[in-house]
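Asks: Questions regarding the structure given below will be posed in turn.
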Amino acid sequence: MTETSLPKGRNSIDQDQFLTILSREEALRRFEAALFPREPAIELRKLAEALGCGLARDIVSPIDVPPFDRSNVDGFAARSTDLASATEFAPVRLTLNEEAIACGTAPTHPVLPETATPIATGGPIPRGADAVVMVEHTQPLGGDAIEVRRAVSPGQFVSFAGSDIARGETLLHAGTAIGSREIGMLAACGIAEVPVARAVRVAVISTGDELVQPGEPLRPAAIYDSNGAIVAAAINENGGRASFFGAFPDDEDRLETAMRKALAESDMVVLSGGTSKGAGDVSHRIIGRLGRPGIICHGVALKPGKPLCLAVCDGKPLVILPGFPTSAMFTFHDMIVPILRRMAGLPPRSDATVSARLPVRIASELGRTEFVMVSLVEGSNGLIAYPSGKGSGAITSFSQADGFIRVDALADQMPAGTEAKVTLFTPHVRVPDLVIVGSHCTGLDLVTAPLAHAGLTVRTIAVGSLGGLAAAKRGECDLAPIHLFDDKTETYNVSFLSEGLELVPGWRRMQGIIFKKGDKRFEGLTAEQAVRVAIADPSCIMVNRNQGAGTRILIDRLLDGARPEGYWNQPRSHNAVAASVTQGRADWGMTIAPVANASNLGFIPFAEEHYDFAVVAARKSRPAVEAFLETLASHETRSALQNAGFRPA
Ligand code: AMP
Ligand code: MG
């Protein structure tokens with residue numbers, strides 16, 4: 001998202017649009033003003049196909065429901081005046097009429113004084129009767145009479161015609177989202193078709209030379225197109241009918257052809273990517289040629305989401321979402337969903353919110369409305385909201401978080417301890433049964449998988465060993481996986497525990513030097529020899545690890561003060577180190593044996609690291625923690641760990 005100079009040949013209006021960053025509210029206001037009011041397109045839909053649609057007109061009931069006075073119980077239709085004085089001591093005898101009213105049979109005989117007619121639940125009340133006696137409150141007297149020992153009041157066990165829905169009553173108002181309950185009401189009134197706002201046809205286009213569709217092989221330097229799928233699904237969730245046009249390279253001519261086709265065939269067009277002002281970003285340059293008035297705003301004071309571009313082409317909204325998946329989703333939900341729902345004749349979405357405490361400070365940029373995704377965990381007094389930011393390029397941050405906190409444009413931070421309002425992504429809070437905060441290891445998934453299969457919800461929040469320990473001390477998690485080496489005692493983990501935490505041994509992971517198989521410089525050497533060779537050869541590039549990682553401590557020990565080429569490349573995970581060597585960006589690095597094996601890399605063992613669990617003692621007897629510890633110790637888990645290349649402790 002670099003700010004380069006404008007392409008040549010723009011007029012001054014365009015320049016103004018490009019240079020102005022609008023507030024979220026102002027951008028929405030201008031976009032809505034350019035689109036509404038508008039006449040919605042209405043269509044008649046069969047009831048079975050109306051689910052999720054917005055009702056276009058008020059619906060008035062054409063009939064009474066129930067259509068006739070109806071018995072609510074199995075019993076006898078009778079006249080309440082006959083039975084007003086019936087008691088245990090003065091039972092009343094009623095002669096039975098020569099018919100029995102089942103559901104769906106119309107009565108033929110009137111109920112005259114001192115008679116009754118057998119009637120089933122749902123049967124129509126015969127002429128003359130005004131109440132029903134429950135069968136349980138009667139005694140048969142021979143085959144043709146009953147005895148009643150309780151008084152009966154007028155209307156007892158009768159549902160009168162129209163008491164549920166009266167003819168002419170407004171059943172549903174225009175703008176109602178049609179769900180199963182609405183469909184039930186309409187069916188009860190005999191309505192087979194309803195006028196609904198026609199689903200908004202939305203064309204979805206991904207842009208970028210690097211995009212490959214899921215299912216296709218991933219070529220070097222390419223990534224899978226995730227926006228196409230997620231944007232289309234989110235459109236369908238909000239009253240639109242998405243049609244995916246595919247991913248297009250950043251080629252002005254081809255993209256323009258696709259955008260024109262999309263506009264012609266749809267009510268709305270949603271692109272993603274290519275909206276920054278970088279040299280290769282072309283989609284926004286095309287918009288001016290597609291219809292009036294064109295770009296409404298390009299640049300909104302949102303984080304993530306600044307490069308959002310909103311346009312209207314001859315009455316049709318056309319938006320370009322930022323390319324980064326998280327930015328794309330936030331801007332879509334915050335700025336586009338309200339427009340889409342309004343066009344689809346649906347009410348605004350009502351998002352559920354909860355209040356939760358922030359365990360850490362959130363720094364925020366002044367002047368931009370900032371969305372911070374959070375994962376919720378249950379604290380000792382109330383919910384805690386963990387910021388789960390992996391950056392706007394991450395897709396998992398969006399799908400694994402429970403909701404988000406909105407930091408006002410005028411705030412530069414939210415201090416730790418703030419009670420914040422969390423908007424939930426789903427209407428329900430899903431507080432996990434087990435919360436694990438600390439260092440992540442692929443072995444951990446082998447312990448949590450059986451728990452998840454047994455129906456427990458497990459949340460793992462990867463914040464590194466030290467972050468996990470801090471969370472455990474504050475009582476914000478059940479356990480913290482850690483692998484911290486203490487130089488003084490030359491031991492792992494034990495010396496880092498504080499009061500209230502207990503160490504449960506996990507497994508051992510072999511750390512070692514990785515290199516491409518067949519690299520003669522490293523084959524057959526020890527770790528010390530390999531590092532000496534690498535330091536002496538300036539063409540040999542390393543990949544390091546981030547400060548604070550257990551692996552980094554080992555690397556620094558081996559390097560003993562040397563800074564070989566590549567030292568400042570410091571990714572944050574074992575997998576990133578392996579990818580670096582596999583893809584030839586580096587020649588060597590340090591990672592754990594299972595990751596090296598999975599990537600089919602050469603491996604020189606160096607030191608065995610202890611990956612253990614700091615368990616919060618006060619939470620040890622919680623069922624989910626007990627289940628975790630049991631699973632950890634189980635034979636199945638131990639052999640699964642072993643098979644994956646770990647050594648259970
Ligand atoms: P752009 O806005 O085109 O500069 O893209 C910004 C970032 O988002 C780049 O890293 C792109 O690779 C990424 N990106 C763009 N489109 C998609 C997409 N459809 N799916 C996943 N990532 C994307
Ligand atoms: Mg791009």
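The values are calculated or read from the model by the stated rules, or taken from the named source; none is laboratory data. Quick caveat, the model's predicted, so the values are computed rather than measured. Cβ placement follows ideal geometry from the backbone for every residue including glycine, while neighbour counts extend to all protein chains displayed. For accessibility, only protein heavy atoms count, side chains too; no ligands or nucleic acids. Shrake-Rupley method; radii C 1.70, N 1.55, O 1.52, S 1.80 Å.
Asks: Sort out which residues of segment 533-554 are free of Cβ contacts under 8 Å to residues at least 40 places away in the same chain and either more than 39 Å from the chain's Cα centre (by Cα) or not in a helix (DSSP H, G or I) (or both), and write them in order of number.
Replies: Those that are free of Cβ contacts under 8 Å to residues at least 40 places away in the same chain and either more than 39 Å from the chain's Cα centre (by Cα) or not in a helix (DSSP H, G or I) (or both): 533, 535, 536, 537, 538, 539, 546, 547.
Asks: Does any residue of segment 307-315 turn out to be open to solvent by less than 10 Å² (accessible area, probe 1.4 Å), in a helix (DSSP H, G or I) and either modelled with pLDDT of 95 or more or within 16 Å of ligand 1 (Cβ to nearest atom) (or both)?
Replies: Within segment 307-315 (the criterion being open to solvent by less than 10 Å² (accessible area, probe 1.4 Å), in a helix (DSSP H, G or I) and either modelled with pLDDT of 95 or more or within 16 Å of ligand 1 (Cβ to nearest atom) (or both)), the answer is no, since none of the residues qualifies.
So that you can scan it fast, the table gives a plain yes or no per residue for (1) in a loop (DSSP other than H, G, I, E, B); (2) at pLDDT below 95; (3) more than 16 Å from ligand 1 (Cβ to nearest atom); (4) crowded, with 18+ Cβ neighbours inside 10 Å:
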site	(1), (2), (3), (4)
146	no, no, yes, yes
156	yes, no, yes, yes
181	no, no, yes, no
187	no, no, yes, no
190	yes, no, yes, no
203	no, no, no, yes
216	yes, no, no, no
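Asks: Restricting the search to segment 49-96, which residues are open to solvent by 30 Å² or more (accessible area, probe 1.4 Å), under 27 Å from residue 145 (Cβ atoms) and among the small types (Gly, Ala, Ser)?
Replies: Within segment 49-96, 84, 85, 90 meet the criteria.
Asks: Which condition does residue 336 not pass, out of (1) within 16 Å of ligand 2 (Cβ to nearest atom); (2) open to solvent by less than 10 Å² (accessible area, probe 1.4 Å), if it passes all the others?
Replies: (1)
Asks: Among the numbered conditions (1) in a helix (DSSP H, G or I); (2) without any contact (Cβ under 8 Å) to a residue 24 or more places away in the chain, tell me where residue 627 comes up short.
Replies: Evaluating residue 627 over (1) in a helix (DSSP H, G or I); (2) without any contact (Cβ under 8 Å) to a residue 24 or more places away in the chain leaves (2) as the failure.
Asks: Across segment 158-179, what is the number of residues that are surrounded by 12 or more Cβ atoms within 10 Å (Cβ to Cβ) and in a strand (DSSP E or B)?
Replies: Count: 6.
Asks: Looking at (1) out of contact with any Cys (no Cβ under 9 Å at 6 or more places or on another chain); (2) aliphatic (A, V, I, L, M); (3) within 30 Å of residue 347 (Cβ to Cβ), which is the only condition residue 112 fails?
Replies: It is condition (3) that residue 112 fails.
Asks: Any residue in segment 265-281 that is assigned to a helix (DSSP H, G or I) and closer than 28 Å to residue 346 by Cβ?
Replies: The answer is yes, given that some residue of segment 265-281 is assigned to a helix (DSSP H, G or I) and closer than 28 Å to residue 346 by Cβ.
Asks: If you don't mind, another one. Only one residue in 285, 254, 342, 260 is in a helix (DSSP H, G or I), basic (Lys, Arg) and within 18 Å of residue 234 (Cα to Cα), so which one is that?
Replies: Answer to the selection: 342.
Asks: Counting only residues that are among the basic types (Lys, Arg) and surrounded by 14 or more Cβ atoms within 10 Å (Cβ to Cβ), how many does segment 537-566 have?
Replies: 2
Asks: Need pairs with beta-carbon distance below 9 Å; first residue farther than 13 Å from residue 78 by Cα and within segment 89-101, second open to solvent by 60 Å² or more (accessible area, probe 1.4 Å) and not in a loop (DSSP other than H, G, I, E, B); sequence gap 6+ or separate chains.
Replies: Every condition considered, the pairs that remain are 91/139.
Asks: I've got another one for you. Mind checking which residues of segment 470-501 are surrounded by fewer than 24 Cβ atoms within 10 Å (Cβ to Cβ) and in a helix (DSSP H, G or I)?
Replies: 470, 473, 494, 495, 496
Asks: Of all the residues that make up segment 205-214, how many are surrounded by 14 or more Cβ atoms within 10 Å (Cβ to Cβ) and farther than 15 Å from residue 274 by Cα?
Replies: 1
Asks: Further, regarding this structure: Restricting the search to segment 18-48, which residues are of a type in the set (Asp, Glu) and surrounded by 13 or more Cβ atoms within 10 Å (Cβ to Cβ)?
Replies: Answer for segment 18-48, where residues must be of a type in the set (Asp, Glu) and surrounded by 13 or more Cβ atoms within 10 Å (Cβ to Cβ): 26, 32, 43.
Asks: Out of the strands (runs of 3 or more DSSP E) lying entirely within segment 92-143, which hold 1 or more residues that are within 55 Å of the chain's Cα centre (by Cα)?
Replies: Result: 115-119, 131-134.
Asks: Moving on to the next point. Please find, within segment 222-251, the residue that is nearest to the chain's Cα centre (by Cα) out of those that are in a helix (DSSP H, G or I), without any contact (Cβ under 8 Å) to a residue 40 or more places away in the chain and within 15 Å of ligand 1 (Cβ to nearest atom).
Replies: Among those residues, the one meeting the criterion is 233.
Asks: For segment 245-288, which positions are small (Gly, Ala, Ser), modelled with pLDDT of 95 or more and either open to solvent by less than 20 Å² (accessible area, probe 1.4 Å) or farther than 20 Å from residue 327 by Cα (or both)?
Replies: Matches in segment 245-288: 246, 258, 262, 264, 266, 272.
Asks: Looking at (1) touching a residue at least 24 places away in the same chain (Cβ under 8 Å); (2) crowded, with 18+ Cβ neighbours inside 10 Å; (3) closer than 30 Å to residue 408 by Cα, which is the one condition that is false for residue 349?
Replies: It is condition (2) that residue 349 fails.
Asks: Checking the conditions here, which among 423, 457, 418, 442 is closer than 21 Å to residue 383 by Cβ, hydroxyl-bearing (Ser, Thr, Tyr), touching a residue at least 12 places away in the same chain (Cβ under 8 Å) and open to solvent by 60 Å² or more (accessible area, probe 1.4 Å)? Working first, answer last.
Replies: Details: 423 fails: open to solvent by 60 Å² or more (accessible area, probe 1.4 Å); 418 fails: open to solvent by 60 Å² or more (accessible area, probe 1.4 Å); 442 fails: closer than 21 Å to residue 383 by Cβ.
Of 423, 457, 418, 442, the one residue that is closer than 21 Å to residue 383 by Cβ, hydroxyl-bearing (Ser, Thr, Tyr), touching a residue at least 12 places away in the same chain (Cβ under 8 Å) and open to solvent by 60 Å² or more (accessible area, probe 1.4 Å) is 457.
Asks: Mind counting the residues in segment 289-306 that are open to solvent by 10 Å² or more (accessible area, probe 1.4 Å) and either within 16 Å of ligand 2 (Cβ to nearest atom) or touching a Ser or Thr at 6+ places or on another chain (Cβ under 9 Å) (or both)?
Replies: Residues meeting the conditions: 4.
Asks: Next question, about the same structure. Answer yes or no as to whether residue 280 is in contact with a Gly (Cβ under 9 Å, 6 or more places away or on another chain) and away from ligand 1 (no atom under 16 Å from the Cβ).
Replies: When the stated conditions are applied, residue 280 does not pass them.
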